[in-house]
Amino acid sequence: MEHNTIQGVIFDLDGTLLDSTGVWSQVDRQILEHYDREVPPDITQVVRKMSIEESSRYFVERFSLSCTPEQLAQQVSDMVAEEYHQHLQLKPHVPELLDWLDKKGIVYGVATATYGELAQAALKRLGLWERIQFLLTEQEVGAPKTQPRIFREAAGRLHLGRRQIAVAEDSLHCVETARAAGFFTVGVYDPVSDSDWAAMRATATVTVTDLLEMQDIFR
C-alpha cells in the first residue's frame, strides 16, 4: 500500500500519545500488595492484553481477592485518577505531530483501553480534547484490542476505509490485531515494552522511535 493513501490516524493513548504505561505497571503490583498477595514477576505481561473487565476478573479469581471485579475496577480507577487528572504528560513531540497533521488535513482520533473518564481528563488538561475527532474506549465497544472491533468502529468515526488509516500503537498485540484486520500499522516505541520491540519491528507496517517520524508516512 502506498503511504500517500493514508488520510487518517487512530492513535492509542497510553504509551503512544501519553507517557503513562509505567503507572499501570505499578498499579498491578500495588493492588496485590494492598490485598497482601505475593506479586508474580510477570503479572504486567500477563494482564497486558486484557481489557479492564477481564483483568479485574483475573485478579479477583486468581488471587482470591475479597472484592468483586467491579469493585476492583473502581479501586484501580481511583488509584490512577490523580495521575491522569494532574500529572501525566504527553510523549515527546505530540503537539508538533498533530500540528503537522492538521496542516495536511489528516484526521485523527483516539482508541484506548483506559477508563473513558480518565482518558478524557488527561486529554482536556493537555490540550488535545478539542483536536481529536473522537475518544473511543474498549468499554464502549465491548471488546478488548485483541479483537478488531474497536479499530473498525474508529474507522467508521473517521469516515474512512481501513486502507486509508494508520493505526499507531505501542503494544504488540494491538498492532497484530490491527494489521490482521487490514490496517496500516505504526509501531511506536515505548520503554516499558522494550522486550517486544524486535517483534514489533517485524510485525508493524512501519515503526517509529519518535512520533515525528510518522510524518514520513504521508510524504
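Numbers for the structure displayed
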read-out	value
Two-site label geometry, residue 133 and residue 180: point separation in nm, points 7 Å out along Cα→Cβ	2.5
Residue 163-residue 58 FRET efficiency (beta carbon distance; Förster radius 35 Å; 0.05 resolution)	0.50
The chain - charge dipole about Cα centre, Lys and Arg +1 at Cβ, Asp and Glu -1, debye rounded to 20	840
Descending semi-axes in Å of the range 90-172, equivalent ellipsoid built from Cα gyration tensor	20, 17, 12
With Cα atoms, 0 to 90° folded angle of helix 94-104 axis to the chain main axis	30
P(r) tail fraction, the chain - alpha-carbon pairs more than 32 Å apart, %	15
Fraction in percent of alpha-carbon pairs per bin - 10 Å, the range 39-146	13, 37, 33, 14, 4, 0
10 Å-binned pair-distance histogram of the range 135-219 (Cα, whole percent)	18, 49, 30, 2
Which of 51, 67, 41, positive extreme of dipole for the range 40-81 (C-beta unit charges)	41
About the Cα centre, charge dipole magnitude for the range 22-87 (Lys/Arg +1, Asp/Glu -1 at Cβ), debye	200
Residue 81 paired with residue 146, simple spin-label distance in nm, labels 7 Å along Cα-to-beta-carbon	2.9
For 218, 184, 11, order by how many other beta-carbon atoms lie within 10 Å, fewest first	218, 184, 11
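Each value in this text was obtained by applying a stated rule to the coordinates, not by laboratory testing. Every value quoted in this text rests on a predicted model; they were computed, and no experiment measured them. So basically every Cβ, Gly included, is an ideal-geometry build from the backbone, and we count neighbours across all protein chains shown.
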